[in-house]
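**Q** Following this message is one structure expressed as structure tokens.
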Amino acid sequence: MTTTTAPLLKTTGMGINFGGLKAVDEVNLQVDPGEIVGLIGPNGAGKTTCFNMITGVYKPSRGSIELAGARIDGKSTPSINHLGIARTFQNIRLFRQLTVLDNVRVALHRQAGYGLLGALLRLSPYRRAEVSMRQRAEYLLDVFGLAERRWDRAGDLPYGEQRKLEVVRALATEPKLLLLDEPAAGMNPQETATLTALIQRLRQEFKVSVLLIEHDMSLVMKVCDRIYVLDYGKEIARGTPPEIQSNQQVIKAYLGEA
């Protein structure tokens with residue numbers, strides 16, 4: 001997707017060391033507004049480590065990370081989320097004992113705005129905000145086909161619906177950029193098809209850009225505008241899906257085994 005606007009996400013020379021090991025080195029990613037971008041490569045290539053640096057879990061050893069032109073490297077994870085980046089994880093991290101509805105409401109409390117005193121005294125701003133958050137949560141669950149599950153415990157959902165709920169919960173924080181870490185892992189073909197439509201809907205209906213780590217190449221090639229390929233912590237290729245599919249270095253390092 002071609003755009004003349006400034007990048008939404010830009011990493012320049014991003015890298016991190018663990019002890020004497022350069023786990024990631026000189027990674028230059030860019031996601032423009034409205035794009036769906038893939039980040040692929042073999043296991044251990046450094047993809048999730050990149051996500052962890054972008055979201056503040058790890059502080060980069062070098063380089064910079066910018067969101068809409070402002071430096072975010074070194075900021076805390078809550079601060080980065082507040083600025084507009086949300087993510088999901090390889091291993092589902094729902095509040096399993098809470099209901100589906102409450103999992104989404106928890107994410108919405110960042111926009112509550114009523115403060116501790118208002119909550120304790122249940123003042124009118126608290127009551128209005130709680131009604132608004134409930135309505136928003138109900139809307140998101142309805143949009144993504146989970147409304148009938150609202151009173152079920154999150155841990156009781158089928159695997160594919162747990163994955164979907166995790167995306168909905170991340171979306172509830174109203175991100176500009178959503179990082180999806182292997183969202184199709186463990187899914188059957190029908191669930192993957194549903195996920196593919198969901199990712200496309202994030203852009204079309206919610207105007208959210210997406211950076212995606214995924215091993216399911218049919219999904220990646222179908223939804224991504226551009227793709228970056230990592231191997232041993234370094235970028236070895238970037239391009240459109242057809243360019244990546246025909247890149248001999250990528251085929252040798254990854255696609256030949258994927």
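The values are calculated or read from the model by the stated rules, or taken from the named source; none is laboratory data. For clarity, every value in this text was computed on a predicted model and none was experimentally measured. Counting neighbours? That spans all protein chains shown, and the Cβs are built from the backbone with ideal geometry, glycine included.
**Q** Which residues, counting only those in segment 201-227, are in a strand (DSSP E or B) and either in contact with a Pro (Cβ under 9 Å, 6 or more places away or on another chain) or more than 23 Å from A45 (Cα to Cα) (or both)?
**A** Listed by number, the residues that qualify are S209, L212, I213, R226, I227.
**Q** So which residues in segment 206-258 are among the hydroxyl-bearing types (S, T, Y), touching a residue at least 60 places away in the same chain (Cβ under 8 Å) and either surrounded by fewer than 20 Cβ atoms within 10 Å (Cβ to Cβ) or in contact with a Lys or Arg (Cβ under 9 Å, 6 or more places away or on another chain) (or both)?
**A** Scanning segment 206-258 gives S209, Y228, Y232.
**Q** Another question, then. Considering only segment 156-167, how many residues are over 15 Å from L202 (Cβ atoms), modelled with pLDDT under 95 and assigned to a helix (DSSP H, G or I)?
**A** So the answer is 4.
**Q** So which residues in segment 174-200 are crowded, with 20+ Cβ neighbours inside 10 Å and in a loop (DSSP other than H, G, I, E, B)?
**A** Correct list: P175, P183, A184.
**Q** Separate question: Quick one: is P158 without any contact (Cβ under 8 Å) to a residue 12 or more places away in the chain, closer than 19 Å to N103 by Cβ and surrounded by fewer than 19 Cβ atoms within 10 Å (Cβ to Cβ)?
**A** So P158 fits the description; yes.
**Q** Which residues, counting only those in segment 74-103, are within 14 Å of V168 (Cβ to Cβ) and without any contact (Cβ under 8 Å) to a residue 60 or more places away in the chain?
**A** F95, L98, T99, L101, D102
**Q** Go through segment 83-108 and count every residue that is touching a Lys or Arg at 6+ places or on another chain (Cβ under 8 Å) and either among the aliphatic types (A, V, I, L, M) or loosely packed, with under 13 Cβ neighbours inside 10 Å (or both).
**A** 12
**Q** Under 7 Å between Cβ atoms, at least 6 apart or on separate chains: pull out the pairs that start in segment 131-146 with a residue that is of a type in the set (G, A, S) and end on any residue that is in a helix (DSSP H, G or I).
**A** A137/L101; A137/V104; A137/R105; A137/L108
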